[in-house]
Each structure stands twice: as structure tokens, then as C-alpha cells.
Protein chains: 2
Amino acid sequence: MRTITVELGERSYPIHIGKDILTARELYGSFIDPASKVMIVTNTTVKKLYLANLREALSGFDVSSCVIPDGESFKNLDTLNDIITELLKNRFDRHCCLVALGGGVVGDITGFAAACYQRGVDFVQVPTTLLAQVDSSVGGKTAVNHELGKNMIGAFHQPRGVIADVGVLKSLPAREFSAGMAEVIKYGLIRDAEFFAWLEDNMDAVMAGDAQALETVIERSCRNKAEVVAADEKESGVRATLNLGHTFGHAIETALHYTHWLHGEAVGLGLIMAADLSARLGYLGENDVERIRALVERAGLKAQLPNRLRGANLREFMAVDKKARAGRLTLILLQAVGRAEISSDFDDKLLQQTLDTFAGRKGAA
Amino acid sequence: MRTITVELGERSYPIHIGKDILTARELYGSFIDPASKVMIVTNTTVKKLYLANLREALSGFDVSSCVIPDGESFKNLDTLNDIITELLKNRFDRHCCLVALGGGVVGDITGFAAACYQRGVDFVQVPTTLLAQVDSSVGGKTAVNHELGKNMIGAFHQPRGVIADVGVLKSLPAREFSAGMAEVIKYGLIRDAEFFAWLEDNMDAVMAGDAQALETVIERSCRNKAEVVAADEKESGVRATLNLGHTFGHAIETALHYTHWLHGEAVGLGLIMAADLSARLGYLGENDVERIRALVERAGLKAQLPNRLRGANLREFMAVDKKARAGRLTLILLQAVGRAEISSDFDDKLLQQTLDTFAGRKGAA
């Protein structure tokens, strides 16, 4: 087992990474006050796989559980209200602890429930997807969706600790594993060229599920994210580099009405598109764009838009997002493999060229 | 106009107190970035009185407004969702500012909307009730209610500033004004004996609506609350003294199913009951209990339970609240006028005597 500490002053917390640690009761004991009531929040799918094991590991605590439906469409205020109802019915006071057992949706909504129940209680993350292990478990972002926008209602709320069990990734569908890898590759690209090179050397072991390789993937990703977050907890500056590939990715997701492609799949192609634009701007060499494209593809991700978006103008879907200030689009671009920069001062024509090239539109350079 | 600064490091903010300052545009200019969109949130009652004036004062800003129904029963997630819908429909980004124009309900829900919209945006309080001016505008507590409990879903989120216009108190029903005075008297009792004596000398002017006297009432109350909050922002210790009278008050409100009496009316009687118990415990003299009872009554508040609670055992309604830890009831008691203490180590029989005396139950001492 490896442990990283996310340094946030009095809200610092550990991330434990290892095989079969989901049931390591001593880890929970180090996070949770023995006098606290514990509520496990999970979904209908993960419940069948791991809830009994986790309850067993938590025996000795006063444990309840709350099972929410599986899917992003349930990450809303109604489900939040259901979780709060369970807490109140079971007379949880403010010295309780929620445990999020599941992927990003479970982590986001459970974290937000913990952030606002009685104005803030403890929570622990037990992420069961690669994406949640490398991404959602660091940063303190919690949220639910609104009908008119994703993650529009939320809070910054740090967990007491994270238990990332690489053993559970066996149960993850291959497509979801690949989607998580998009974020992993992103960390190499924005600030860790050595890790990017390590991924080039070890992608086969990673994709084969080698436990040591997976521990490295998660440790290195979390360490990179933790360093960025520690430097910029509330996302005013450098933290924005974590959005590399995401503005392109969101445009793809929006154009697809959030169907057909997973978020991570869209981000994976977004990384290639960001690299392509960076090359057009003269920052990256063509060979670096090719390295990025090759690594994304080896992770089982797509390097091309789906046919249904052939000819579409993705620019229409990039206009407004949370990160847009005063109307001007801000993008994360690459100065090199391992070095990202935030820019709103780029040539719009070159952006249009990148979009048109991937969409196979006429006039594409 | 008088100004207090609530000292909270980088989240410090001013409270401006004066007559007819609701329309003082330069004050808003000092809180709100000129590039920010502004959303005024108010209710159907206050809208008719002050919305047009406030919009006029904010001309020059890009202003929208959102009118919610009047009443505590609408302080819930559904109304919160409606506010978020308005923000998203009007394309508010995270550099916006909400303005809460109304009493405690509007302030609590608007503050919570600001706390969680895109994980936190600015807000300004323009409280239009005495209770909101002396209480809700300091402390950063925001919340909505859940079907199973009041203020169960919320956040700590500080406003950018508060504009407390004593002129608007003219439009407040006398009962609501008196309810606010319960909190005012509380500040004297818990930590400001000089202010308590000032209230004894000036209650007639206060009740007659004298502007100078009202400014003193609000300034002194906010200053006391601000000092307590600055010392204990997240309510772990001394901040609990602000709950003097509230545990008794909540028991009364619960026994009345939150009908018939306003919160402040229940707190007013709660102050007398806390004084009565403090006297039974040997802390306060009988003459101090009488001073407290007399001042509460001069503020237009009741010193007796309503007839419908004659004979009731209020102890049943005191068992569980947010402040209860590990089952033991904690009360705020008075060591003297101007000195409160937090105690869970009192003789339960004396508490029962106090409750029985006020309820006129047999066996009362």
C-alpha cells in the first residue's frame, strides 16, 4: 500500500492506494471517530459488488446505508434530498461521517450531502472507478447537476481520507477504465513529462491490470492533482490547467447531447485536439502531437470524432461554460509535453481549423 | 450612518447601519464588482415595498430579480432550485453577485444559493426585518429546511457586505419587531451588561421607532455577534452562547407545531426560562430574573406560555436538536446579566421544575 497526503493545512488528508484495501478496517478507524454514526452511500450497481464487504469492514461502527439509483441523471437535488432524509430518519447529528462507495456520481453527491448536512459533516471517499480514484478523490469539488447545467450546485468540501483499492478495477467495464485513463494521461501532459514517458513504457501492463502499475498510475495522478490543488484550492489560477482537453471534451459531449460517449472518452479526444491546436500555434512539434495521439489510442480511447459529428461546427458548443469569463473563451494549451498554459489570447481562426479538421469540414487546413 | 467591520481575515465585510441607506448606490458599488451580473432575490411581500427602490439604486449594474413566495414553508430545496434556474436562464457566471432583500428566510436561502451556485458566488444582505438586521446578517449561516428538520441543509458563507436600513423597520408589523427584540436582549444578557442597562433606559425610544436608538440597537447587537463569530466562526465553542433561550424556544415552537408563535416570541420567553433555571441553580438572583422578565415584556413579548401549552411537559420537546451531542442536553445558562455559560452538567430535576412552573404543571416548585 502507498499513501499520499493532500496538504491543505488543518484539512489535510491521506489517500491510501493498494490492492484489496477496501476492507482494511484499520484505515477507516484512522479517519472516523468511533463515536460517530456512519452512513454508506452507494448505488444499486456497486451495492451488489462491495456493500457487504464494506459493512463488514466497518463493523464496530454504528452503520447505516443509503442506496441511490445508478447514473448521472440521478445526481440532482431530489437524490440529495433522499440522502438527507435517510440521515434525519436515522437521527444523524453533526458528528457523523458519510462514506461514498462508488464512482464519480456517488462521490460528488455524497460529498455535497456531507458539505451541506447541518452545514458540514465528515466524509470518506471509497472510489470504485479509475476516474474517481485519479480525479474525483482529490480536489474537494462536490456537486449535483441542475436541469440546465452540470455541477451547477455544489461546494468545496474535503474528505477525511480516501481509500483507492486497485483490486476493484477488475469489476470495471473496459470502456470505463479507458475513460479514466484520459485523465491519467492528462496529468502527464500538463505537468509531468516523466510520468508521460513512464506511461509510454508501461501502458501494456496498465491495460492488463497489473496491480503495481495501477498503483503507480493512481499515485502519480493523485500526487500531481494534489500538488495543483494545494497551490490553488479554490480554482482561481493554475488549477485551471486540470481542464486540459475538457473544453473540447465538453463541446463533444454537448454536441452528442451527453449520449454515446463517456466523459473521459470525450476528454481523451479533447487532449488530442488541444495538442493539435497547440501545434498550429507553434508551441508543440508534430511529433509530440503524434506521441499524444498514440498514447491516447493505446489507452483504448478514440482519436476521431464519431461519424454523427462529421461536418458539425463544434465551435457553437464551446461558447459558454463555467470557466468562460466576460464572453472570451479560455483554453488550456500545451507548451510542451509536461507543460500547460492557460490562454484566452489565441488566434480564433486556428481554433476553427482544429475543429474543422477533426470534424472533416470543408475549408479545413 | 454607522459601520461595523466583521473581522474574518480575507472574508471580512462591513455592516452599514443607517436611515434610508437601502437606496445608497455608492454602498453597493463598494461591494459589487461593476462587471458582475446582479440578481436580487426577494419575496412577494417585500417586492411591493422595496424592489423598485433597490433596482433604481443598482441602475448601472446588469440586474435581474427573482421573487420567491413569502413564508418559512418555502425555505426549501424546491425554492433553491427555482433561484438556481433563474441564475442559469440569465446566464450568470461565477463572477456574479446575489442580493438578498428581505427577512431571515430570504437571507438564509439566498445565502445558501450563493454558497452553492457554481460552488460559491458573492452575495450582499439587505435585511428588512429587525431579526435579520441583528441576527441573520452576521455569522455566515445559510440554510434551507428539510421536511424533517429546520436548517438541516446549509453552509457557512459570508456576505460581501450588509446594508441595514433602520427606515424599513417602519413597514414591519409590531409583532415581528418585538420578535427581533428578543435577540437584541439576548446580546445584552450573554456578554454586554452595559447594553442591557442601556436597553432598560431606552426601551421606550426603541419601541417608538427612534432612528438613533434603533441604530444603537442594531450596531450593538451586530458588534456583539460579530465578536463572538470572529472568535468562533464554525460554532465549536463560545458561539453556542448565542443560543441562549433557543433550546427552550425550540421546545415551545415544536410543542406548538411552529404555529401561533413567531420564533422570536418563543426565544423571548426562552430567555426568561433560562434565567429562571439559572436562578434555581444558584447563579442568578431573583431580582435579575425580574429585570429580565420586565425588559422582555417591555419589548412587547410574552412572559408566559400560551394557554394551549398549560400542563404540557416541554421536556419531551427538548431531547434532540443540532446542538445535542451523544444524547446529553446542553443549555446556555446565565452566571450573571452579561455573562453566559455553556453547560451540560446541571441538575435535570431543576430543569424539570422550571418547565413545570411555566407550564403550570402539578408538582412544580
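Of the residues in region A:52-64, none is part of a helix (DSSP H, G or I), among the small types (Gly, Ala, Ser) and in contact with a Pro (Cβ under 9 Å, 6 or more places away or on another chain). What do you reckon, is A:ASP70 of a type in the set (D, E, K, R), within 14 Å of another protein chain (Cβ to nearest Cβ) and not in a strand (DSSP E or B)? Spelling it out, it is not the case that A:ASP70 is of a type in the set (D, E, K, R), within 14 Å of another protein chain (Cβ to nearest Cβ) and not in a strand (DSSP E or B). For the residues B:THR85, B:THR45, the requirement of being within 14 Å of chain A (Cβ to nearest Cβ), modelled with pLDDT of 95 or more and part of a helix (DSSP H, G or I) singles out B:THR85. Of all the listed residues (B:GLY139, B:GLY111), the sole one being at pLDDT 95 or above and not hydrophobic (A, V, I, L, M, F, W, C) is B:GLY111. If I go through region A:73-109 residue by residue, how many of them are polar (S, T, N, Q) and more than 22 Å from the chain's Cα centre (by Cα)? Total meeting the criteria: 3. When the residues of region A:113-135 are filtered to those that are crowded, with 24+ Cβ neighbours inside 10 Å, among the polar types (S, T, N, Q) and not in a strand (DSSP E or B), the one that is farthest from the other protein chains (Cβ to nearest Cβ) is A:THR128. Scanning region B:7-26 for residues that are touching a residue at least 60 places away in the same chain (Cβ under 8 Å) and either loosely packed, with under 13 Cβ neighbours inside 10 Å or over 26 Å from B:GLY209 (Cα atoms) (or both) yields B:GLU7, B:LEU8, B:ARG11, B:TYR13.
Of all residues in region A:48-61, at least one satisfies being at pLDDT 95 or above, closer than 17 Å to A:CYS96 by Cα and open to solvent by 80 Å² or more (accessible area, probe 1.4 Å). If you check A:ALA35 against the conditions, is it farther than 30 Å from A:LEU262 by Cα and open to solvent by less than 80 Å² (accessible area, probe 1.4 Å)? Spelling it out, it is not the case that A:ALA35 is farther than 30 Å from A:LEU262 by Cα and open to solvent by less than 80 Å² (accessible area, probe 1.4 Å).
Checking each residue in region A:179-212 for being open to solvent by 10 Å² or more (accessible area, probe 1.4 Å) and small (Gly, Ala, Ser) picks out A:ALA193, A:ALA197, A:ALA205, A:ALA208, A:GLY209, A:ALA211. The residue list B:PHE92, B:PHE31 contains one member that is in contact with a strand residue (DSSP E or B) (Cβ under 6 Å, 6 or more places away or on another chain) and modelled with pLDDT under 95, which is B:PHE31. In summary, B:TYR187 fulfils each of the numbered conditions (1) modelled with pLDDT under 95; (2) under 14 Å from the mean Cα position of the chain (by Cα); (3) under 15 Å from B:GLY270 (Cα atoms) with the single exception of condition (1). Tally the residues that are more than 14 Å from every other protein chain (Cβ to nearest Cβ), open to solvent by 10 Å² or more (accessible area, probe 1.4 Å) and closer than 27 Å to B:THR79 by Cα, restricting the search to region A:88-110. Counting residues in region A:88-110 that are more than 14 Å from every other protein chain (Cβ to nearest Cβ), open to solvent by 10 Å² or more (accessible area, probe 1.4 Å) and closer than 27 Å to B:THR79 by Cα gives 2. With respect to (1) open to solvent by 60 Å² or more (accessible area, probe 1.4 Å); (2) within 14 Å of chain B (Cβ to nearest Cβ), the lone exception for A:GLN304 is condition (2). Within region B:40-72, can you find the residues that are under 26 Å from the mean Cα position of the chain (by Cα) and among the hydroxyl-bearing types (Ser, Thr, Tyr)? If the condition is that a residue be under 26 Å from the mean Cα position of the chain (by Cα) and among the hydroxyl-bearing types (Ser, Thr, Tyr), then B:THR42, B:THR44, B:THR45, B:TYR50, B:SER65 are the ones that fit.
Here's the yes/no breakdown for (1) within 14 Å of another protein chain (Cβ to nearest Cβ); (2) crowded, with 21+ Cβ neighbours inside 10 Å; (3) under 30 Å from A:ASP288 (Cβ atoms); (4) of a type in the set (A, V, I, L, M, F, W, C):
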site: A:LYS150; (1), (2), (3), (4): yes, no, no, no
site: A:PRO159; (1), (2), (3), (4): no, yes, no, no
site: A:ILE163; (1), (2), (3), (4): no, yes, no, yes
site: A:VAL217; (1), (2), (3), (4): no, yes, yes, yes
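Residues in region B:299-328 that are touching an Asp or Glu at 6+ places or on another chain (Cβ under 8 Å) and modelled with pLDDT of 95 or more: B:LEU301, B:LYS302, B:ALA303. Residues in region B:136-148 that are assigned to a loop (DSSP other than H, G, I, E, B) and away from every other protein chain (no Cβ under 13 Å): B:SER137, B:VAL138.
For B:THR79, the criteria (1) buried (at least 24 other Cβ atoms within 10 Å of the Cβ); (2) within 14 Å of chain A (Cβ to nearest Cβ); (3) among the hydroxyl-bearing types (Ser, Thr, Tyr) hold in every case but one, which is (1).
The values are calculated or read from the model by the stated rules, or taken from the named source; none is laboratory data. Since we're looking at a predicted model, the values are computed, not measured. Every residue, glycine as well, gets a Cβ built from its backbone with ideal geometry; the counts of neighbours run over all protein chains shown. The area values use the complete protein model at the heavy-atom level, side chains included, leaving out ligands, DNA and RNA. Shrake-Rupley method; radii C 1.70, N 1.55, O 1.52, S 1.80 Å.
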